[in-house]
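Below is one structure, written out as structure tokens; the observations come after it.
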There are 4 protein chains.
Amino acid sequence: MTRLTEEARGVYVIAVTPFAEDGALDLQSIDKMVDFYLEAGATGLTALGMMGEAPKLTGAESLQVVKRILARLDGRIPMVVGVSAPGFAQMAELTRASMDLGAGGVMIAPPGSLKTDEQVVNYYRQAAEFIGNVPFVLQDFPLATGVHIPVSAIARIVEEVPTCVCLKHEDWPGLEKITALRAAGTLNRRISILCGNGGVFLPEEMDRGADGAMTGFCYPEMMRDIVHHCSKGEGDRARDLFNAYLPLARYEQQPGLGLAVRKYVLAKRGVIASAALRRPGAGLTQAAQQEVDMLLARQEQRLKELD
Amino acid sequence: MTRLTEEARGVYVIAVTPFAEDGALDLQSIDKMVDFYLEAGATGLTALGMMGEAPKLTGAESLQVVKRILARLDGRIPMVVGVSAPGFAQMAELTRASMDLGAGGVMIAPPGSLKTDEQVVNYYRQAAEFIGNVPFVLQDFPLATGVHIPVSAIARIVEEVPTCVCLKHEDWPGLEKITALRAAGTLNRRISILCGNGGVFLPEEMDRGADGAMTGFCYPEMMRDIVHHCSKGEGDRARDLFNAYLPLARYEQQPGLGLAVRKYVLAKRGVIASAALRRPGAGLTQAAQQEVDMLLARQEQRLKELD
Amino acid sequence: MTRLTEEARGVYVIAVTPFAEDGALDLQSIDKMVDFYLEAGATGLTALGMMGEAPKLTGAESLQVVKRILARLDGRIPMVVGVSAPGFAQMAELTRASMDLGAGGVMIAPPGSLKTDEQVVNYYRQAAEFIGNVPFVLQDFPLATGVHIPVSAIARIVEEVPTCVCLKHEDWPGLEKITALRAAGTLNRRISILCGNGGVFLPEEMDRGADGAMTGFCYPEMMRDIVHHCSKGEGDRARDLFNAYLPLARYEQQPGLGLAVRKYVLAKRGVIASAALRRPGAGLTQAAQQEVDMLLARQEQRLKELD
Amino acid sequence: MTRLTEEARGVYVIAVTPFAEDGALDLQSIDKMVDFYLEAGATGLTALGMMGEAPKLTGAESLQVVKRILARLDGRIPMVVGVSAPGFAQMAELTRASMDLGAGGVMIAPPGSLKTDEQVVNYYRQAAEFIGNVPFVLQDFPLATGVHIPVSAIARIVEEVPTCVCLKHEDWPGLEKITALRAAGTLNRRISILCGNGGVFLPEEMDRGADGAMTGFCYPEMMRDIVHHCSKGEGDRARDLFNAYLPLARYEQQPGLGLAVRKYVLAKRGVIASAALRRPGAGLTQAAQQEVDMLLARQEQRLKELD
């Protein structure tokens, strides 16, 4: 087992869940996808996230996915499992099973029913108690959850809940939040900050103090390169590359639609056998496919120019 | 098996889920509770609803509860199982298991992510397809779900989805909605309308055309009597009784807090062994207990006066 | 001028805004209404609240209403003016004009865009700065505003903003909130707590430490009597009366619809000339009118029995 | 007067409202800004929009702004005035005053309280009745308003409300919506579709059938050029330019923060005297200013390469 820690950095790719055209789990594509992510420079993998179609899986299928990924990873990098659930019993059950299988930690998003800072802090206090001694990622994604978590509430969670080791940062706007979290005295210990939102602010996020990305953009190599060049102080090179990918990243980041874009590209790249989303969940229209094709062609050309 | 149909009427009690003080399922109290509901005049039972702490149960526990209730009911009245879930796979799985055990139908609330009428209708179309030939209750509870379903959308669901046999009506305000649904030409077939909201509008709802109640007020005998007297045209008697229970019903209907009130009274009445809610979920403060005690004493006295 | 202070107690009636059938302001009814409220025992008046159809008035009309009420009150009791607005410039403008006319204070509800405790506290800090040295009521009504303000945030506002002298309490459930606010050490100074929500929890609210009511139930005499008897320790008498009014109060409290009920009853009682709401805003259907008529008849009878 | 019609196309720039450092209206900067927008190719101007800090103005100030812009425009291009308000009385008042001053039309966003398609259609029906024979823009911006308007509801508004002549399209994702609205048979008459969202999808939007942009990106010349090249079928050139501006457009589109970015750049370009936002509303931190400066430098360089 490779355990998730406060030292997490680099690129934790949010894995898609591959399905066959008929909606069945496509386990062979999982293997291929894991290989691809490793080759693309992933330093961690996150499964069953919002973009992993987790709610469309039965409990048994969820574990099948976790098991298959872990088997293929074979301990090379840590795996995080999304365990957000309407209740703590289900969350604890999936956490236990995943950790038993060898996961390195879990990720927890707040339910939309939380209304005040106090309630948010309490929620994470209780969740941590339910899952026991398991490192977890706090997912801060107001656009999707409807829950806004100010820096002061994050600071309280970090102080009171030692198993909180990482922030999946996808507040929007969120740059000042990173700066505030990294300012001396805000947190009583350093945790990892990995950024989401499809990577569309990654250069700025790195400059503000992020440790890397945790998102699923269909070109993980972009994230690897940005993190690499930013870490080395090669900001111009990072931005040149980033700008080449940005038109596609922007297109992939459309809420709801984005996953279909991501799977369309991954299938086109040969990473997964089919772009199919499990129902409900539609594919891309022909017009959208043409738009993506054009973005891919122009991106390839621009990357060549930069080579 | 006693199947839920468009003919459902009377009182479908929303069952609580009894827990021991330590949070374990209290299966013996389930038996006692079922007996109590039957004696109080229930014509149906609904388990794993929002007020049944369903999300706090693991999948296995949910089935344990369903099984135990069905065994005790022994086919005397139909049982409805709440199967609302973040995804259709989980919903279909729980539906299948419940129906195999002998449930009469299921209940489905819309997820908060639905934004337009079209999306609501689509959701129920898809849900019905996923669960197959199983009669279901459409739960219309905007205060809790955040989803507003206008009469025109309900009419489309009833027309397009033949397995929708009942509306759990708890829009607020909702009286004109019942009138509109019962007006000639609104629906292309008659479905059952059972009202929620703790029964605090039951006399008016019956007059507007409801078929009864589906809610869990801690005195189901109130609902039985109101439905009975309203059905017989004894509106004054119905209102006399209703008014005697209203101060408590109002108190029990406080969002969030209401379940603790309900369990406190049910425990006090000897129906369940403990008033405990599974965590997270607090009990009543001492001040609240005293308020409820006073409401109970005054209610008893007023009922005696009316005898 | 009668200034609003931390000593506010009794019944601050939320005034309706009377319109003629054609939607014009009915200034003569304002006079009659003010007389009625005074006779019914109002210790204060609040105009241009959510139930005063304030957003349907032009700026000039708003001031006309304020002026007319103040003229009729003639300094006998303080008047509070609702000044909630999308921006501080408008809020400050209406505040200044109202105070110049002789108002005693203003009321401010938080805009729905506030997401965190910090933002709520900041909002009131800024609002107070904009309106200057004017006492104000903090309106805490999450059901209508979508903003949840925990006790800790109220405590910070009270501490940091000395012009906050009163809480319009209508969180639901809200009884524990009153208890918490009245507990030693929660607030650094005592402010007035006046309760809303149509009065449907008034006896319990008084017992928990409220100073009275600030709401517009169409029988203000109910609120006067409850506050009176509760203050004198005559809880049983208070509850007898309360229970007689509760069926109507419950009916009037239906969101959106409630104002039409209130105006229907006030017109029926001869307080205002017409029950008309300014458009948009519909009146009661015939079915609803009959329901209210029956509630009124039964209420009258019950009150006689209690005499 | 230049009246807004269904033929609107090109770039309707959302104007900022310039303030001095002390928060006073800066009328001289308005003149300069209008000149700048005209030179940059604006075919229309929209004032008092969400990004125009409209709620921070008093009624009198709003009219001052409208008057000043109209005087400078001198009828060369149509001006649209944002008149969204909590109530129809205020909306009608501002509309009348603006049209009297020579505005070409108004823009109306739906209030967040609308919950169903029916309510949305009704709202626009009523608004149109209140403002009379004035052409208006329907603002479809769910991220900001919380109101989701499906194509079918837009079609009903267009059919029933003849004064609706333009859609400010900023649903996200929204490309399929344009395609659906432009499909034969969807609308019973053609209206103008101008796109918002800071222009970050403008090339795709033009290809889907939009008539131009209505947004306030700090480089209106970008929008002019994209619209121009897309209209001429020069998609590659359009995309080359678009990609050069995209890193900055993405940065400016951050909700809430975006206006500070926009004003910072406009001040830096000499268009307005000060980047100040009226309170509440903070400026950019130093870190953010450096990020914008770097984006500007890189953008300039890339545009040179493309020349």
- Message: Could you compute the net charge surrounding residue C:190? Neighbours are other residues with a C-beta less than 13 Å from the C-beta of residue C:190; K and R count +1, D and E count -1.
- Response: -1
- Vicinal HN-Hα couplings computed from phi for the range B:279-294 (Karplus, 6.51 cos²θ - 1.76 cosθ + 1.60; Hz; Gly/Pro x): 5, x, x, 8, x, 7, 5, 5, 4, 5, 4, 5, 4, 5, 4, 5
- Message: Can you work out which chain D residue has the shortest Cβ-to-axis distance for the rotation that carries D onto B, and give it in Å?
- Response: D:117, 2
- Based on the Cβ-Cβ distance of residue B:189 and residue B:113, what FRET efficiency does E = 1/(1 + (r/R0)^6) give at R0 = 35 Å, to the nearest 0.05? 0.75
- Message: I'd like the Karplus ³J(HN,Hα) series for the range C:32-42: coefficients 6.51, -1.76, 1.60, θ = phi - 60°, whole numbers in Hz, and an x wherever there's a Gly or Pro.
- Response: 4, 5, 4, 4, 4, 4, 5, 5, 6, x, 4
- Message: Test of understanding: given chain A, find the longest segment containing no trypsin sites (Lys or Arg not before Pro) that are in a DSSP loop and have at most 10 other Cβ atoms within 10 Å.
- Response: A:1-188
- P(r) over all Cα-Cα pairs of chain C, 10 Å bins from 0 to the longest distance, whole percent per bin, short to long, reads 6, 29, 37, 23, 5, 0
- What is the P(r) of the range A:158-218, as percent of Cα-Cα pairs per 10 Å bin from 0? 24, 54, 20, 2
- Query: Residues with beta-carbon under 10 Å from that of residue C:161, excluding residue C:161: net charge, scoring Lys, Arg +1 and Asp, Glu -1?
  - Reply: -1
- Message: Can you list the copy-to-copy distances for residue A:289, using a point 7 angstrom from Cα toward Cβ, in nanometres, shortest first?
- Response: 5.1, 6.1, 6.6
- Item | Shortest-first distances to equivalent copies, position residue B:303, nm, label 7 Å out along Cβ | 2.9, 7.4, 7.9
- Nm distances between copies for residue C:75, ranked from closest, using label points 7 Å along Cα→Cβ: 5.7, 8.4, 8.8
- Semi-axis lengths (Å, descending) of the ellipsoid that matches the C-alpha gyration tensor of the protein assembly as shown: 48, 40, 29
- With label points set 7 Å from each Cα along the Cα-to-Cβ direction at residue D:269 and residue B:236, the distance between them in nm comes to 7.8
- Given H placed on each backbone N at 1.01 Å, which residues far from residue A:10 in sequence or on other chains put an amide H within less than 5 Å of it? A:212, A:213
- Message: Taking the Kirkwood radius as the inverse of the mean 1/r across Cα pairs, report the Rg/Rh of the range C:1-120.
- Response: 0.98
- Task: Kindly list the residues of the range B:60-97 that lie in the label zone of residue B:144, defined by a backbone N under 12 Å from the point 7 Å along the Cα-to-C-beta vector.
- Result: B:82-84
- Note on the structure: Correct response: the longest run of chain B lacking exposed GluC sites (Glu not before Pro), defined by DSSP loop and at most 12 other Cβ within 10 Å, is B:22-307
- Message: Modelling each spin label as a point 7 Å along the Cα-to-Cβ direction, I'd like the residue C:306/residue A:289 distance in nm, to one decimal.
- Response: 7.2
- Among A:47, A:20, A:276, residue whose mean-square fluctuation peaks in a GNM of chain A (springs only between Cα atoms under 10 Å): A:20
- Partner aspartates and glutamates whose C-alpha sits under 18 Å from that of residue C:268, ignoring same-chain residues fewer than 8 away, are C:21, C:26, C:31, C:35, C:39, C:221, C:252, C:291, C:293, C:300
- Item | Table column - 3J(HN,Hα) (Hz), the range A:237-254, Karplus curve with 6.51, -1.76, 1.60, x for Gly and Pro | 4, 4, 5, 4, 5, 4, 4, 5, 8, 4, x, 6, 4, 4, 5, 5, 7, 4
- Message: Given Cα positions, please report Rg to Rh for the range B:218-307, the hydrodynamic radius being the Kirkwood one.
- Response: 1.02
- Cross-link pairs beyond the 25 Å C-alpha cut-off, checked among A:304/D:263; B:232/B:304; C:115/C:168; A:177/D:32; A:115/C:263: A:304/D:263; A:177/D:32; A:115/C:263
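Coordinate-derived values only; no laboratory data. Just so it is clear, the model here is predicted, and its values are computed rather than measured. In this analysis, Cβ positions are derived from the backbone assuming ideal geometry, glycine residues included, and neighbour counts consider all displayed protein chains.
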